[in-house]
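For reference, the structure discussed in these notes is given below.
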Amino acid sequence: MNWSYITTFLSGGFAGAVLKHLIDTHRNKIQVIQCHYTDEEIISQIPVTFSTGQHENLHKKDFKIINTTNKDITVINITFTFEPTANIIKVQVRSKWGLDVPKGKIKSAKKNEYILPIKNFNRKDEIEIIMEIANLNSHDFNIQDSNCSGFRVEWLDKRQLKANKTVKMVKKVDLE
């Protein structure tokens, strides 16, 4: 009996098992989907009236969701929740599939919650969400995932400071 063949066989099997365990651990760890908070704008600070009623103020918030995982996700729901007094007026979604695809829904019982169902969310895909929200006071919000396992949503503040643009009133003759 040749012991060198046996030890080579056993050590190779052990090394293969350890390598497979390391690869499986890396693949199956909890993955992070990034949600960038890209822009914020005050549309109106005075009361405005829409078909949904009169609102105290109106704000626009932009988000970008990026699949930074190492997997393609078949189905995931991402929920945006704002403070209880908030009212989501309008949502626009841009993705590689087009404008307002996938379509989300505003929960009828809660006007401050928006659920975005995403199907076939491949690696490195991006989805932009532009929301108009009324009656914001403290600008608090929460982003969370549902209908998935092994993923979590992490939000990053990617807003850039905007310089105030100076406006100068001139005569019409000066413009010509």
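The values are calculated or read from the model by the stated rules, or taken from the named source; none is laboratory data. Predicted model only: the values in this text are computed from it and were never measured. With ideal geometry, Cβ positions are generated from the backbone for all residues, glycine too; neighbour counts draw on all protein chains shown.
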Could you please tell me which pairs satisfy a Cβ distance under 7 Å, a separation of 6+ or placement on different chains, a first residue in the range 37-49 that is within 7 Å of residue 159 (Cα to Cα), and a second residue that is part of a loop (DSSP other than H, G, I, E, B)? 37/158; 37/159; 38/158; 38/159; 39/159
Do we have any residue at all in the range 157-173 that's assigned to a strand (DSSP E or B) and either modelled with pLDDT of 85 or more or within 17 Å of the chain's Cα centre (by Cα) (or both)? yes
Among the residues of the range 40-63, is any surrounded by 15 or more Cβ atoms within 10 Å (Cβ to Cβ), out of contact with any helix residue (DSSP H, G or I) (no Cβ under 7 Å at 6 or more places or on another chain) and closer than 30 Å to residue 27 by Cα? yes
Of all the residues that make up the range 64-92, how many are surrounded by 17 or more Cβ atoms within 10 Å (Cβ to Cβ) and of a type in the set (Lys, Arg)? 1
Considering the range 97-133, residues that are of a type in the set (D, E, K, R) and touching an Asp or Glu at 6+ places or on another chain (Cβ under 8 Å), and then whichever is modelled with the lowest pLDDT, we arrive at 107
